[in-house]
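First up is the structure itself, then whatever we jot down about it.
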């Protein structure tokens, strides 16, 4: 994500930063509203702090905010087989979408990822119904 896009999401949409016990940033989640859904554009946790619950906490905050806003779902795109990607989100209740269920918006996001060099065979769209 470009710095400009990150700044835009922070100013206009949903963005949270996780900090450690010393108030040092360890991760972030940026999302935006897409109709009656929240779409997670990016979530990242420092490599040396992964597995400590920061990513889960960021996701839980985003999900709670989506519920507070009375949105119907939270969506994202990710790598389908990388253990800390799709399988991680599945443990939190997200489900992989079949090709027929992806829809125009998510399909467009997946295509943009392909245009940026990501392999479509390894990508998937996911949704958590609220």
So which of 69, 61, 104 is closer than 19 Å to residue 34 by Cβ, loosely packed, with under 12 Cβ neighbours inside 10 Å and out of contact with any helix residue (DSSP H, G or I) (no Cβ under 8 Å at 6 or more places or on another chain)?
104
Condition test on residue 74, is it in contact with a strand residue (DSSP E or B) (Cβ under 7 Å, 6 or more places away or on another chain), crowded, with 19+ Cβ neighbours inside 10 Å and over 20 Å from residue 106 (Cβ atoms)?
no
Hey, does the range 109-121 have a residue that's closer than 19 Å to residue 2 by Cα, touching a residue at least 40 places away in the same chain (Cβ under 8 Å) and touching a strand residue (DSSP E or B) at 6+ places or on another chain (Cβ under 7 Å)?
yes
Given the structure, is residue 93 surrounded by 14 or more Cβ atoms within 10 Å (Cβ to Cβ), in contact with a strand residue (DSSP E or B) (Cβ under 9 Å, 6 or more places away or on another chain) and under 23 Å from residue 118 (Cβ atoms)?
no
Tally, over the range 32-56, of residues that are under 19 Å from residue 84 (Cα atoms), part of a strand (DSSP E or B) and without any contact (Cβ under 8 Å) to a residue 40 or more places away in the chain:
4
When residue 11 is evaluated against the numbered criteria (1) touching a residue at least 12 places away in the same chain (Cβ under 8 Å); (2) part of a helix (DSSP H, G or I); (3) farther than 22 Å from residue 116 by Cα, which criterion, by number, is the only one it fails?
(1)
Of all residues in the range 92-110 being assigned to a helix (DSSP H, G or I) and more than 16 Å from residue 80 (Cβ to Cβ), the one that is modelled with the lowest pLDDT:
100
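The values are calculated or read from the model by the stated rules, or taken from the named source; none is laboratory data. For clarity, every value in this text was computed on a predicted model and none was experimentally measured. We place every Cβ from the backbone using ideal geometry, glycine too, and count neighbours over all the protein chains shown.
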